[in-house]
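Structure first, commentary second.
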Amino acid sequence: MILPIYLYDHPVLRQKAEPITEITPELRKLARDMLETMYAAYGIGLAGNQVGVPRQIIVVDIGKEEGMERPLVLLNPELIATSAETVDMEEGCLSLPELRESVTRPASVQVRYLDLQGQERQLEAEGLLARVLQHEIDHLQGLYFVDRLPAIRRLFLQRKLERIARGEIVPPYPVVFGPTAVAQAPKVL
Ligand code: NI
């Protein structure tokens, strides 16, 4: 089932996601739905908050070009190490349609998480995978990639962010708008 994606500045995207304590059939269904939603929107990562569920779950699929055959579902993901070396890479976000910016982040990371079987796992990642993992783990903390930009660059983006918040940028996938857009929507008489 394709779920609607919550857009900036819906409050759920600023919420800190709660840890997952039990792997239930509902949680497995949520993981499947999140993957379906991500693929339908041509995304490569999606966090629980982005489908209105502030729980610590992310899904990632960066495709085969980096040798990753299957999608990843990470529960309670935690960055346990990051490289001192940083790298600039352009990022986008399904909750911030039509906005792409270069962001500086650690080049490689180590992540600890639970898989859908409840097994504790660790993975080391660099390149695009490291980037997506950091972006999605940020979502679980209530952060957008634009929060990682220097203040002056964020200032330049302010008008575009306001347009998204007002519901003026409508992406080609089902969405839930934030309160500003809902308040400004034309009333049906
Ligand atoms: Ni995102």
**Report entry** Subset of the range 81-108 that is part of a strand (DSSP E or B) and among the hydrophobic types (A, V, I, L, M, F, W, C) - its residue that is farthest from the ligand (Cβ to nearest atom)
**Finding:** 81
Query - Candidates 72, 35, filtered to the one that is touching a strand residue (DSSP E or B) at 6+ places or on another chain (Cβ under 9 Å), more than 20 Å from residue 177 (Cα to Cα), surrounded by 22 or more Cβ atoms within 10 Å (Cβ to Cβ) and free of Cβ contacts under 8 Å to residues at least 60 places away in the same chain - result: 72
Report task. State all residues of the range 161-172 that are more than 15 Å from the ligand (Cβ to nearest atom) and part of a helix (DSSP H, G or I); if no residue qualifies, say none. Result -> 162, 163, 165
Requested in this report: Please enumerate the residues belonging to the range 139-159 that are touching a strand residue (DSSP E or B) at 6+ places or on another chain (Cβ under 8 Å) and within 15 Å of the ligand (Cβ to nearest atom).
Outcome: 139, 140, 144, 145, 146, 148, 149, 157
Requested in this report: Please state which of the following conditions residue 113 fails to meet, knowing it meets all the rest: (1) within 22 Å of residue 14 (Cβ to Cβ); (2) modelled with pLDDT of 95 or more.
Outcome: (1)
Query raised in the report: Are there any pairs with C-beta distances below 9 angstrom linking a residue in the range 133-144 that is closer than 12 Å to residue 78 by Cα and of a type in the set (A, V, I, L, M, F, W, C) to a residue that is part of a helix (DSSP H, G or I) and more than 10 Å from the ligand (Cβ to nearest atom), with the two at least 6 apart or on different chains, and if so which?
Result: 140/48
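Tell me yes or no: at least one residue of the range 112-132 is in contact (Cβ under 8 Å) with a residue 12 or more places away in the chain, assigned to a strand (DSSP E or B) and of a type in the set (Gly, Ala, Ser). Break it down stepwise before answering.
Residues of the range 112-132 in contact (Cβ under 8 Å) with a residue 12 or more places away in the chain: 112-118, 122-132.
Then keep just the ones that are assigned to a strand (DSSP E or B); that gives 112-114, 122-126.
Narrowing further to those that are of a type in the set (Gly, Ala, Ser): 125.
Yes: the range 112-132 contains one or more residues that are in contact (Cβ under 8 Å) with a residue 12 or more places away in the chain, assigned to a strand (DSSP E or B) and of a type in the set (Gly, Ala, Ser).
The values are calculated or read from the model by the stated rules, or taken from the named source; none is laboratory data. Keep in mind the model is a prediction, meaning the values are calculated, not measured. Don't worry about glycine lacking a Cβ; one is built from the backbone with ideal geometry, like all the others, and counts go over all protein chains shown.
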